[in-house]
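Written below as structure tokens is the structure these notes are about.
The values are calculated or read from the model by the stated rules, or taken from the named source; none is laboratory data. These numbers come from a predicted model, not from an experiment. A quick note on method: Cβ atoms are made from the backbone with ideal geometry, for glycine too, and the neighbour counts reach across all protein chains shown. Remember, those area values only see protein heavy atoms, side chains included, never the ligands or the DNA or RNA. Shrake-Rupley method; radii C 1.70, N 1.55, O 1.52, S 1.80 Å.
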2 protein chains.
Amino acid sequence: MKKSRRSGCPINFTLEALGDKWSLLIVRDLFRGKRHYGELLESPEGIATNILSDRLASLERAGILFKQADPDHGSKIVYGLTAKGLALSPVLMEIRLWGARHDPRTAFPPALLRKIKRDKRAAVHDEVAGYHRSRMPDA
Amino acid sequence: MKKSRRSGCPINFTLEALGDKWSLLIVRDLFRGKRHYGELLESPEGIATNILSDRLASLERAGILFKQADPDHGSKIVYGLTAKGLALSPVLMEIRLWGARHDPRTAFPPALLRKIKRDKRAAVHDEVAGYHRSRMPDA
């Protein structure tokens with residue numbers, strides 16, 4: 001991430017933090033409950049270990065995720081989304097919906113897509129965010 | 001854009017088309033009514049001309065924008081969003097809101113931010129998309 005901002009536009013702000021092909025996949029995986037480096041490395045997109053390390057560090061610098069000692073295995077590190085990272089839920093949802101609508105080979109079930117109305121989606125966001133917030137260690 | 005997909009995930013599909021620091025800024029500018037190459041080049045983020053050309057070509061290949069002869073000046077080219085590109089309106093809106101909420105220096109007016117309720121936003125999306133659709137040449 002560059003130190004000097006390209007502009008004061010809030011869209012640009014988000015893209016400077018997350019505008020690449022990998023960062024939002026890591027955020028997606030953390031939403032899905034992955035917590036360890038090895039789990040993140042196993043995702044089907046095949047992220048390289050140096051890219052994963054780099055993106056985890058930049059997402060932590062941006063305040064989107066935190067890392068800490070695993071409460072169950074002190075020698076391991078676990079990653080999780082901060083409140084700022086959890087607030088990406090609607091961004092990811094819209095990105096998922098656009099992809100599902102325009103990719104003929106999408107894995108997103110079309111029947112589910114049809115059922116999701118805009119007002120329903122708001123409730124789902126809150127439910128998902130609440131679920132993950134309840135799993136977050138005190139931070 | 002790679003030919004072979006990294007996975008069947010719809011989030012990944014969107015990132016393969018738009019996951020960089022520039023593409024969504026071009027889409028933003030087209031939503032704001034810019035139509036000519038020179039106008040896109042003048043945006044405050046300072047896109048380089050070779051990057052702009054490259055991204056316009058990949059966005060056209062992805063079916064997100066179209067280009068055609070300017071109806072007013074036959075020798076010029078105009079760019080516009082296709083229906084697939086216009087469908088990015090909710091994605092851009094959520095990216096803008098996340099940026100505005102988490103960037104202390106954002107140019108997005110906080111008073112406006114507070115006033116935008118989720119249900120209101122849906123109406124704004126439709127209004128914006130309708131406005132731009134009405135300005136599109138027959139395609």
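What number comes out for accessible area per residue over the range A:1-105 if the probe is 1.4 Å? Units Å², please.
Numbers: 4520 Å² over 105 residues.
Using a 1.4 Å probe on heavy atoms only, each residue of the range A:1-105 averages 43 Å².
Between A:Ser75 and A:Glu60, what is the spin-label point distance in nm, taking each point 7 Å from the Cα along the Cα→C-beta axis?
Calculated label separation equals 1.9 nm.
Take each of the peptides B:78-85, A:92-99, A:55-62, A:66-73, average the number of other beta-carbon atoms within 10 Å over its residues, and list them starting from the highest.
Details: B:78-85: 19.0, A:92-99: 22.0, A:55-62: 17.4, A:66-73: 12.0.
Top of the packing list down: A:92-99, B:78-85, A:55-62, A:66-73.
Can you tell me the dipole magnitude for the range A:23-108 around its Cα centre, using point charges on the Cβ only (Lys, Arg +1; Asp, Glu -1), in Debye to the nearest 20?
Values: 12 positive and 10 negative charges, 41 e Å.
Dipole size: approximately 200 debye.
All other residues with a Cβ under 12 Å from the Cβ of A:Gly99 taken together, and with Lys, Arg as +1 and Asp, Glu as -1, what is their net charge? Write out the running numbers ahead of the final one.
On the way: positive: A:Arg28, A:Arg96, A:Arg101, A:Arg105, B:Arg5, B:Lys84; negative: A:Glu94, A:Asp103, B:Glu16.
Counting the neighbours of A:Gly99, the net charge comes to +3.
Got the B:Arg61 label distances to the other copies yet, label 7 Å along Cα→Cβ, in nm, shortest first?
Computed spacing set for this position: 3.0 nm.
Quick one: which residues, 5 or more positions from B:Leu65 or on another chain, have an amide H under 5 Å from its amide H? H modelled 1.01 Å from N in the peptide plane, none for Pro or chain starts.
HN-HN under 5 Å from B:Leu65: B:Glu60, B:Thr82.
Please find, among residues of chain A, the one with the beta carbon closest to the rotation axis relating it to chain B, distance in whole Å.
A:Glu94, 2
At B:Gly74, with labels set 7 Å past Cα in the Cβ direction, how many nm apart are the copies from this one, shortest first?
8.1
For the range B:30-42, just list the computed ³J(HN,Hα) in residue order, Karplus coefficients 6.51, -1.76 and 1.60, θ = phi - 60°, integers in Hz, with x standing in for Gly and Pro.
5, 4, 7, x, 5, 9, 10, 3, x, 5, 5, 5, 7
For A:84-92, what's the mean count of beta carbons from other chains sitting within 10 Å of each residue's beta carbon? Let's see the in-between values first.
Values: counts 3, 0, 0, 5, 4, 2, 9, 10, 4.
Counting Cβ atoms of other protein chains within 10 Å of each residue's Cβ and averaging gives 4.
For the interface of B with A, what's the total buried accessible surface in square angstrom, probe 1.4 angstrom, rounded to the nearest hundred? Write down the numbers at each step before the final one.
Numbers: alone 9150 and 9170 Å², together 14120 Å².
Using a 1.4 Å probe on protein heavy atoms, the buried area is about 4200 Å².
What are the label-to-label distances in nm, one decimal and shortest first, from B:Pro104 to the same spot in the other copies, with labels 7 Å along Cα to Cβ?
With the label placed 7 Å along Cα→Cβ, B:Pro104 yields 5.1 nm.
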